[in-house]
Amino acid sequence: MPPTATSAQILVVQGAEATSLRAAALAEMSGAAAPEPLSANAWRLRGATKHEHISGWCEAHHLDHAWIPGGRRFADLKLLAMDMDSTLITIECIDEIGGFINKKEEISAITAQAMRGEIEFPESLRRRVALLAGLSEDVLEDVYDEKLRLSPGAEELVARCKYQGITLLLVSGGFTFFTERLKQRLKLDETLSNVLEVADGKLTGRVLGSIVDADAKAAKFRLLAQRLGAKREQTVAIGDGANDLKMMAEAGISIAYRAKPVVRAQATHALSYSGLDGVINLFL
């Protein structure tokens, strides 16, 4: 039986392995017009027919692919929100903090459970932060200086948003120590994160105030969208873990960035092989 197909659409393919030869092969496979280069490793194929086997072919060749509607323009967006750990930046900050006291593996295991949705985020955060009790707050600066790196394409995505006047929101189940530094560094508009309690220069193992969980992220996103007068289709949310899903559900377009399977399954698009600048290519 031949694969099922739908009417012609726009196919975007990108990633380090998105060569001109592979784009041409996809064009032939889908009946699209000649691929339009968006960058060295990103291509737009107009008039493609959505065959079922294209997804498997792209995955086998380590390519991100997305079917996008005509007329969806980046410049029309009003709000773009991102998670911090393993999304805007390459690390999980709390895991790296734990590394300074030889507890990285123990903390990472709890982090992974939470990101897969196996335990509730507030419980996981309390358990992880408790393991940091007695640690000098100077370690936070060490993590920022020595370990924290922006994800590939992050600066390009932020720059494009600033150029287009799109409000940037950084939300995190992590800590204000890092989100506020990133806000200043990247000139972000809004942040939301947790506050670590410090006494006499040492972490107490507790978080001050309410924990920023999935509901808090979604509420912040919803409130900011309302304040901006943004229609749902004018909003984007990007995340990697289960605690991002409620926020992503609020957005008109949700993007799973190098994410857990549970997140990829529910997102509008997934970027597993591209940088964050790949978000720009999902629009016309």
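The values are calculated or read from the model by the stated rules, or taken from the named source; none is laboratory data. Just so it is clear, the structure is predicted and the values come from calculations on it, not from any experiment. Because the Cβ atoms are built from the backbone with ideal geometry, glycine has one as well, and the counts that use them run over all protein chains shown.
Miscellaneous remarks
- Any chance A75 is free of Cβ contacts under 8 Å to residues at least 12 places away in the same chain and touching a helix residue (DSSP H, G or I) at 6+ places or on another chain (Cβ under 9 Å): no
- Checking each residue in region 122-144 for being under 30 Å from G15 (Cα atoms) and without any contact (Cβ under 8 Å) to a residue 40 or more places away in the chain picks out only Y144.
- Checking each residue of region 28-44 against the condition of being closer than 27 Å to A159 by Cα, outside the structural domain of K162 (by TED's automatic domain parsing) and touching a Pro at 6+ places or on another chain (Cβ under 8 Å) gives at least one match.
- Conditions (1) assigned by TED's automatic domain parsing to the domain that holds K147; (2) hydrophobic (A, V, I, L, M, F, W, C); (3) within 22 Å of the chain's Cα centre (by Cα): number failed by F100: (3)
- Residue in region 252-272 that is within 13 Å of the chain's Cα centre (by Cα) and more than 30 Å from T19 (Cβ to Cβ) present: no
- Residue list for region 145-176, filter: without any contact (Cβ under 8 Å) to a residue 60 or more places away in the chain and under 27 Å from L135 (Cα atoms): D145, E146, K147, L148, T176
- Some residue of region 263-284 being of a type in the set (V, I, T) and in contact with a helix residue (DSSP H, G or I) (Cβ under 6 Å, 6 or more places away or on another chain): yes
This table checks each residue for (1) part of a helix (DSSP H, G or I); (2) at pLDDT 95 or above; (3) of a type in the set (V, I, T); (4) touching an Asp or Glu at 6+ places or on another chain (Cβ under 9 Å).
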position: I101; (1), (2), (3), (4): no, no, yes, no
position: Q113; (1), (2), (3), (4): yes, no, no, no
position: P122; (1), (2), (3), (4): yes, no, no, yes
position: Y144; (1), (2), (3), (4): yes, yes, no, no
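- Yes/no for A42 being surrounded by 18 or more Cβ atoms within 10 Å (Cβ to Cβ), modelled with pLDDT of 95 or more and over 30 Å from K220 (Cα atoms): yes
- Qualifying residue in region 36-51 (condition: closer than 28 Å to L228 by Cβ and not basic (K, R)): yes
- Scanning region 122-131 for residues that are buried (at least 22 other Cβ atoms within 10 Å of the Cβ) and of a type outside the set (V, I, T) turns up S124, L125, R128.
- Residues of region 146-190 classified as farther than 22 Å from L77 by Cα, part of a strand (DSSP E or B) and under 16 Å from the mean Cα position of the chain (by Cα), total: 3
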